[in-house]
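As structure tokens, the structure follows; a few thoughts come after it.
The values are calculated or read from the model by the stated rules, or taken from the named source; none is laboratory data. Since we're looking at a predicted model, the values are computed, not measured. Cβ sites come from the backbone with ideal geometry, for glycine too, and all protein chains shown count toward neighbours.
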Amino acid sequence: MDKARQYLGLGRKSGLLVTGEDNCGCTVGAGKAKLLLLASDASPNARKKASGFLYGHRALLATLPWSKEELSALLGKRGCSMVCFTDLPLAARFAAAMAETDPAWQETASALCAREEKARRRKAAPRKHQPSGNRRM
């Protein structure tokens, strides 16, 4: 859990973690969210909103073992019940750290790891078409 807390802090400091319902909704809608997280005591309305945000998008939804109060204290915010990672490798590391202590996170961690590996392979693959540097406009 300490590793997971460190990844949350790292995401917050680097700007790769978005906090708040409205900000998370905009991030998911823009297709930038990779993992959407809810506090353990999030309201049914917040859970419904989160599910609605994810409709038609590829981001994953997971529930944290921490309450809103604990999550807010970790992030230095007030009343925070929803956060999302915008960086796939960081989200995968966070989920793997959570899976070390909580077996319920195994499925989420493996899904994010598979997505990260696919992105890595796609980025390393040779390009079919090389851009021409001699174009005139």
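Results for (1) crowded, with 17+ Cβ neighbours inside 10 Å; (2) at pLDDT below 95, shown as yes or no for each residue.
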{"position": "LEU36", "(1), (2)": "yes, no"}
{"position": "ASP41", "(1), (2)": "no, yes"}
{"position": "ASN45", "(1), (2)": "no, yes"}
{"position": "GLY52", "(1), (2)": "no, yes"}
{"position": "TRP66", "(1), (2)": "yes, yes"}
{"position": "CYS80", "(1), (2)": "yes, yes"}
{"position": "CYS84", "(1), (2)": "yes, no"}
{"position": "ALA104", "(1), (2)": "no, yes"}
Legend entry - Top-ranked residue in segment 68-78 [being of a type in the set (A, V, I, L, M, F, W, C) and closer than 23 Å to LYS48 by Cβ; ranked as surrounded by the fewest Cβ atoms within 10 Å (Cβ to Cβ)]: LEU75
Inset, instruction - Could you check how many residues of segment 76-102 are more than 13 Å from the chain's Cα centre (by Cα), hydrophobic (A, V, I, L, M, F, W, C) and under 17 Å from ASP22 (Cα atoms)? - result: 1
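For (1) over 21 Å from ALA42 (Cα atoms); (2) touching a helix residue (DSSP H, G or I) at 6+ places or on another chain (Cβ under 9 Å), each residue gets a yes or a no:
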{"position": "ALA62", "(1), (2)": "no, yes"}
{"position": "SER67", "(1), (2)": "no, no"}
{"position": "LEU75", "(1), (2)": "no, yes"}
{"position": "ARG93", "(1), (2)": "yes, yes"}
{"position": "ALA97", "(1), (2)": "yes, yes"}
{"position": "THR108", "(1), (2)": "no, yes"}
{"position": "CYS113", "(1), (2)": "yes, yes"}
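Take segment 45-84 and flag every residue that is part of a helix (DSSP H, G or I) and either under 23 Å from GLU116 (Cβ atoms) or of a type in the set (Lys, Arg) (or both).
Scanning segment 45-84 gives ARG47, LYS48, LYS49, ALA50, PHE53, LEU54, LYS68.
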Legend entry - Unique match (being out of contact with any strand residue (DSSP E or B) (no Cβ under 6 Å at 6 or more places or on another chain), at pLDDT below 90 and closer than 22 Å to ALA30 by Cα) among GLY133, GLY56: GLY56
Inset, instruction - Please indicate, with yes or no, whether at least one residue in segment 49-65 is among the hydrophobic types (A, V, I, L, M, F, W, C), more than 18 Å from LEU16 (Cβ to Cβ) and touching a Lys or Arg at 6+ places or on another chain (Cβ under 8 Å). - result: no
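Confirm whether ASP22 is assigned to a loop (DSSP other than H, G, I, E, B) and acidic (Asp, Glu).
Spelling it out, it is not the case that ASP22 is assigned to a loop (DSSP other than H, G, I, E, B) and acidic (Asp, Glu).
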Inset, instruction - Take the residues in segment 106-137 that are of a type in the set (S, T, N, Q) and surrounded by 11 or more Cβ atoms within 10 Å (Cβ to Cβ), then tell me which one is nearest to SER72 (Cα to Cα). - result: THR108
Legend entry - Count of residues meeting criterion [touching a residue at least 60 places away in the same chain (Cβ under 8 Å) and either assigned to a loop (DSSP other than H, G, I, E, B) or not hydrophobic (A, V, I, L, M, F, W, C) (or both)] in segment 85-101: 5
Inset, instruction - Hey, could you check segment 48-82 for residues that are without any contact (Cβ under 8 Å) to a residue 24 or more places away in the chain and hydroxyl-bearing (Ser, Thr, Tyr) and say which is nearest to TYR7 (Cα to Cα)? - result: SER72
